[in-house]
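I have placed the structure first, in the form of structure tokens, so that the comments after it can refer back to it.
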4 protein chains.
Amino acid sequence: MTHKIAILGASGYTGAELIRLIAGHPNMEIVALSGERKAGMTLAEVFPHLRHLDLPALCRIDEIDFSNVDLCFCALPHKTSQEVIRDLPADLKIVDLSADFRLRDPAAYEKWYGNAHAALAQQEEAVYGLTEFYRDEISAARLVAGTGCNAATGQFALRPLISAGVIDLDEIILDLKCAVSGAGRSLKENLLHAELSEGYNAYAIGGTHRHLGEFDQEFSALAGRPVRVQFTPHLIPANRGILATVYVRGEAEEIHATFQRAYEGEPFIEVLPFGEAPSTHHVRGSNFVHLGVTSDRINGRAIVIAALDNLTKGSSGQALQNANLMLREKETEGLMMAPLFP
Amino acid sequence: MTHKIAILGASGYTGAELIRLIAGHPNMEIVALSGERKAGMTLAEVFPHLRHLDLPALCRIDEIDFSNVDLCFCALPHKTSQEVIRDLPADLKIVDLSADFRLRDPAAYEKWYGNAHAALAQQEEAVYGLTEFYRDEISAARLVAGTGCNAATGQFALRPLISAGVIDLDEIILDLKCAVSGAGRSLKENLLHAELSEGYNAYAIGGTHRHLGEFDQEFSALAGRPVRVQFTPHLIPANRGILATVYVRGEAEEIHATFQRAYEGEPFIEVLPFGEAPSTHHVRGSNFVHLGVTSDRINGRAIVIAALDNLTKGSSGQALQNANLMLREKETEGLMMAPLFP
Amino acid sequence: MTHKIAILGASGYTGAELIRLIAGHPNMEIVALSGERKAGMTLAEVFPHLRHLDLPALCRIDEIDFSNVDLCFCALPHKTSQEVIRDLPADLKIVDLSADFRLRDPAAYEKWYGNAHAALAQQEEAVYGLTEFYRDEISAARLVAGTGCNAATGQFALRPLISAGVIDLDEIILDLKCAVSGAGRSLKENLLHAELSEGYNAYAIGGTHRHLGEFDQEFSALAGRPVRVQFTPHLIPANRGILATVYVRGEAEEIHATFQRAYEGEPFIEVLPFGEAPSTHHVRGSNFVHLGVTSDRINGRAIVIAALDNLTKGSSGQALQNANLMLREKETEGLMMAPLFP
Amino acid sequence: MTHKIAILGASGYTGAELIRLIAGHPNMEIVALSGERKAGMTLAEVFPHLRHLDLPALCRIDEIDFSNVDLCFCALPHKTSQEVIRDLPADLKIVDLSADFRLRDPAAYEKWYGNAHAALAQQEEAVYGLTEFYRDEISAARLVAGTGCNAATGQFALRPLISAGVIDLDEIILDLKCAVSGAGRSLKENLLHAELSEGYNAYAIGGTHRHLGEFDQEFSALAGRPVRVQFTPHLIPANRGILATVYVRGEAEEIHATFQRAYEGEPFIEVLPFGEAPSTHHVRGSNFVHLGVTSDRINGRAIVIAALDNLTKGSSGQALQNANLMLREKETEGLMMAPLFP
């Protein structure tokens, strides 16, 4: 059986990544691609690397016949997404890649995003899309909210440790390095090649990055009490990849063993041998997470490092993984491609 | 039916690319991986990006039981390859990725490579591996010689034009730009990141690049008289991709029409609309070739531009395409993945 | 004596490069920096790398007291520049970095730039700013028109050969590779890091690049008859550098000797030993031009390769070199810094 | 007066950077350049970007007449350096760029570097070369030991805070990101462009990096009691630049004020306005340090970020700054060039 798929917001990087992945999925067929500002353009014009695919041209959302769609991916900008999803058919399966449905508490949403939520009913209904930890809920969900890419990386490095109680909850520092595609296809001076390449810097410093909202929500729920991590993201001159270096207090060997237990049998999570450091080089273009643990020379401290591709496992790959569950497909279908190196 | 595959020289970039591709092939199983200097190392140690695959550790070639192998890819260095292949079982199907069996004339081989050929019988037997132009021969072959990656790019841009007689054979200039993975995993100062990034230069200038041997052989055979092109390669600070800018004399519209006819139905060759320029950005990690034609402001001159990924279509993807033919698999099996962008 | 300098359009890359260079000049003092859209911002806000300099904030042009200015650099966009310069004091020394005054013939200007020229008197007065070939005129000029960066590169590789009559004027092909800063600080999708890095492509194909206007004007004047070259620029994933690979007909050794004679004593032009290829790596951030000549395997053909930094020798360094002449400073003052490598 | 300068180990990156800087120094003349393996080669062959300089070819150290040398820079590999310096004339002024004389305690040296020190007398004599904190000792020294580039960065971010007692000495985490030129011109697989670009990773994890020896020595001496920081370096795909993100406990505003006081009047240290984050983009090729402070959302925590160019301020620029002091030159002579951006 072939599932009919629509992608809203197909002219951005997560849209392109969805198309790339779905093109290799045996049981999905893309029937509609939207892009408001680029409506009417062919895919070859918007993304020449996808020119070999026989797909519909971009259209406006209001031109789509959703009765013909089994599942809809929304790769729209934040805020736009909630307005669009609110008005989509109430029985349409949706995987949203924006930030709009990640935070369950409307007050938390408003605090981090600065506006009142415009689709409260859908927000309440949405399931948080970190597949490995919400499998059952996602399988039963109509609307799944894809996680932030940084938020996903940090959670892979911390959730099992918080659940197992093997680290000090008040001493977590997350120094994160992310590639530029995480910022999307937006025209900003600091994203120009001439400005970005050959240098690097921190941004959203001082605990102001919005993905902290997700960390607070998820870690506190896991721990059963408020958990607030320290989080500093850095922009690195590369296109894909997130590396999270997480400083924790706990016994490194116990932390490593906790990961091995927690991720045993997970098809996409590779726990490296103790003491090895993962690299974003080795997950590019794939749905894999590489996870390493080492002890520090200071007793009782450990370093956890997680690497993933922000566009794949951090966003569109995760979205497809969730869609597979929602459509009763094999969870890994279309997602087992090996990373691209070099 | 699953074909048993060995890869000799699996610790280089073309070896890694073969493994990446074959991992996605439904009917191939890798049973042996050789790497003389790294024998005993696991694949995770040699190529951490492939650590999720359940594959044998690297071994020495003399440890492989070839009676259990249906097809062998040789990704060994030039000169080593001929010595190894000479001594492999005489009925073993082989796709060689080195330069050793590309030139049919032993004198030409010696001229370009500086040594007498050590496997003359196999050299005579070998079929030139440019799939789109040697399909029948490859399907019937035991030993196929993969083309040079630059040589492949230039031929996609010129063969149909020479065959159709629509360009001046004495006025062909091929200005080629290639990425660094074409130089392999060799430890040379000019391949270091600090030396290579942020700048670019020509190399093998003055008509000294070895791939000229292939151009001379193939173009002269096609034309039925000697054809000698002018060819200058440049090293560009990127990891994958070849862009060939070819200056020819002829009517641009006729050239474009010639390509459309010649490549009609070809699954991997995309002829762009007249006047559009392809980019290596749009073929990365894929087996596609993008081909563009434009006229110059000077009458009677045209510019043909071809783009492909040197490790995929220029080398390992081509090799798998040929192996599919030799094993009676669908030619495109395992090769239809979309390019990775960004 | 200290010359008082104004820079109009100081918020772009050529503006920043001018400031960097002038900061190291012993006899120049920047007294005004304009930037219409960023007026009021400090230099530290616009260009944090210049924050150590004690310089005025950006202002609007109409706020500048030009009676206090000895020389004005105009780094404004094309078309804006002519309107501004037309209205500047008639005795103010000006070095313009835009394209507005490069073409002497108003019809040629209109053909290549698509609009009638708005400052015909100044256009007639302007001297073409390729220092090594217009020294006397520049020394005596009030208004100097900086050359196109591509145009400069091509001319260094061809002018002495055309003058000396050692190449075939009808068989010149200029395949040029340029870095992204040549496109300026403009917000375009294809200049984003995620779009530009890791790939490359031709642009302005088919003889449509505006710098052809300069080639036509200069080469035809030199030859005393129309000369039209074939010119294809490519965009390379690097920030600085232009490499011109020029295919000519002539005796390579004679060409090399011609360069050695023509550039003898030139402080910024390095003619490499015969057969060596220059690289943009080796001129980055400097005012040097590296020039190489080699013969092809085809008799009577030669390849000339020129490398320079588009922002320095191709633009702001050239501008300062010209300003030195106009102000009776030593021509090399502030310009002898060695390239930055790696 | 012109000082005669020798550079030992001139074929590496710090050697090249020294030559670049000294070429712009009005009162220094390079009289000898050594390079054992490349002895006999001209500078143009070893570093084509320096071909415009009229300098001696590389020679062996034993060919240098040190009686004609006023100051000698040693840019030799670790361990070689101590053996060479031990045997140089006892009254020769020396600035060493290796790790050999940084640690005052021979036991600490042996612990971090794995071998007994071969020049104990010189080790005792050497002055630690962090100019801003050892000015008087350096001015009076015969032998100055350049600091590690990572060690310098971390110290700029921490020394004033430790001295002023405004941070918790047991809670310092230093997450450092460095560019590839810090690894030198060595032929290692992970330094190849194809392996390094487009990805990033931690290395020397778990408190094993040798620069910890310097941190321990210096911070403990400052504090008057043992101080052990947690330090994790990361390798970033760029050629120049170190960014240190330092997590401390203390009041951010007090920390910022402490920096402003401590670095007031320092020509090379730029303390950014409170809350701003520095970037390695803005110090490239210069001797400047950019330093930023911000508070975290968690009370009592602050983040200090320091950026510098590892080859300039982190190594060769620092060395020249020290040589200026030793030769009674102005400390900033030859070092005030603005950074290169883009």
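The values are calculated or read from the model by the stated rules, or taken from the named source; none is laboratory data. Just so we're clear, the structure is a prediction, and the values are computed from it rather than from any experiment. Here Cβ is always computed from backbone atoms with ideal geometry, including for glycine, and neighbour counts include all displayed protein chains. Please note that ligands, DNA and RNA were not included when accessible areas were found on the heavy atoms of the full protein model with its side chains. Shrake-Rupley method; radii C 1.70, N 1.55, O 1.52, S 1.80 Å.
A compact table of results
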{"item": "D:A108 vs. criteria part of a loop (DSSP other than H, G, I, E, B) and either over 21 Å from D:Q230 (Cβ atoms) or open to solvent by 10 Å² or more (accessible area, probe 1.4 Å) (or both)", "result": "no"}
{"item": "Some residue of the stretch A:27-41 being under 22 Å from B:H281 (Cα atoms), touching a helix residue (DSSP H, G or I) at 6+ places or on another chain (Cβ under 9 Å) and β-branched (V, I, T)", "result": "no"}
{"item": "The stretch D:42-67 residues that are more than 19 Å from D:I22 (Cα to Cα), paired with ones that are of a type in the set (D, E) and open to solvent by 30 Å² or more (accessible area, probe 1.4 Å) (beta carbon under 6 Å, 6 or more apart)", "result": "D:R60/D:E36"}
{"item": "From the options D:T42, D:T14, D:T2, D:T80, residue that is crowded, with 24+ Cβ neighbours inside 10 Å and at pLDDT 95 or above", "result": "D:T14"}
{"item": "Selection within the stretch A:165-191 - farther than 24 Å from A:R104 by Cα and in contact with a Lys or Arg (Cβ under 8 Å, 6 or more places away or on another chain)", "result": "A:I167, A:D168, A:E171, A:K177, A:A179, A:S181, A:L187, A:E189"}
{"item": "Entirely in the stretch D:254-330, the strands (runs of 3 or more DSSP E) that have 1 or more residues that are of a type in the set (S, T, Y)", "result": "D:289-295"}
{"item": "Sole exception among (1) touching a residue at least 12 places away in the same chain (Cβ under 8 Å); (2) open to solvent by 20 Å² or more (accessible area, probe 1.4 Å); (3) of a type outside the set (A, V, I, L, M, F, W, C); (4) in contact with a Lys or Arg (Cβ under 9 Å, 6 or more places away or on another chain) for D:N201, by number", "result": "(4)"}
{"item": "Only one of B:Q318, B:Q230 that is assigned by TED's automatic domain parsing to the domain that holds B:I7 and either open to solvent by 10 Å² or more (accessible area, probe 1.4 Å) or modelled with pLDDT of 95 or more (or both)", "result": "B:Q318"}
{"item": "Filtered residues of the stretch C:278-330 (kept if away from chain B (no Cβ under 11 Å), of a type in the set (S, T, Y) and farther than 23 Å from B:H193 by Cα)", "result": "C:T312, C:S315, C:S316"}
{"item": "Residues (over 30 Å from D:S197 (Cα atoms) and aliphatic (A, V, I, L, M)) located in the stretch B:234-271", "result": "B:V248, B:A252, B:I255, B:A257, B:A262, B:V271"}
{"item": "Qualifying residue in the stretch A:47-58 (condition: under 24 Å from the mean Cα position of the chain (by Cα) and aromatic (F, W, Y))", "result": "yes"}
{"item": "Boolean, A:L222 is more than 9 Å from chain D (Cβ to nearest Cβ), buried (at least 24 other Cβ atoms within 10 Å of the Cβ) and more than 14 Å from the chain's Cα centre (by Cα)", "result": "no"}
{"item": "Filter result (open to solvent by less than 30 Å² (accessible area, probe 1.4 Å) and either modelled with pLDDT under 95 or not in a helix (DSSP H, G or I) (or both)) within the stretch B:116-133", "result": "B:H117, B:A119, B:A126, B:V127, B:Y128, B:G129, B:L130"}
{"item": "Looking only at the stretch B:263-286, and only at residues there that are touching a Pro at 6+ places or on another chain (Cβ under 9 Å) and small (G, A, S), the one that is nearest to C:A204 (Cα to Cα)", "result": "B:S279"}
{"item": "Residue that is in a strand (DSSP E or B) and within 14 Å of chain D (Cβ to nearest Cβ), where the choices are C:I30, C:I5, C:I94, C:I19", "result": "C:I30"}
{"item": "Residue check for D:I85: touching a Cys at 6+ places or on another chain (Cβ under 8 Å) and either part of a helix (DSSP H, G or I) or within 22 Å of A:D296 (Cα to Cα) (or both)", "result": "yes"}
{"item": "Boolean, A:L291 is closer than 24 Å to B:R284 by Cβ, open to solvent by less than 10 Å² (accessible area, probe 1.4 Å) and touching a helix residue (DSSP H, G or I) at 6+ places or on another chain (Cβ under 8 Å)", "result": "no"}
{"item": "The stretch A:234-265 - residue that is within 18 Å of the chain's Cα centre (by Cα) and within 11 Å of chain B (Cβ to nearest Cβ) and, of those, surrounded by the fewest Cβ atoms within 10 Å (Cβ to Cβ)", "result": "A:N239"}
{"item": "Count of the stretch D:209-253 residues which are part of a loop (DSSP other than H, G, I, E, B) and over 27 Å from A:A179 (Cα atoms)", "result": "9"}
{"item": "The stretch A:141-165, subset outside any helix (DSSP H, G or I) and touching a residue at least 12 places away in the same chain (Cβ under 8 Å), residue nearest to the other protein chains (Cβ to nearest Cβ)", "result": "A:G148"}
{"item": "Positions within the stretch A:33-68 being in a helix (DSSP H, G or I) and more than 14 Å from chain B (Cβ to nearest Cβ), in sequence order", "result": "A:I61, A:D62, A:E63, A:F66, A:S67, A:N68"}
{"item": "Residues being in a helix (DSSP H, G or I) and either at the interface with another protein chain (Cβ under 7 Å from one of its Cβ atoms) or within 17 Å of the chain's Cα centre (by Cα) (or both) - total across the stretch B:166-198", "result": "10"}
{"item": "Exclusive hit being open to solvent by 10 Å² or more (accessible area, probe 1.4 Å), of a type in the set (F, W, Y) and touching a Ser or Thr at 6+ places or on another chain (Cβ under 8 Å), set B:F268, B:F274", "result": "B:F274"}
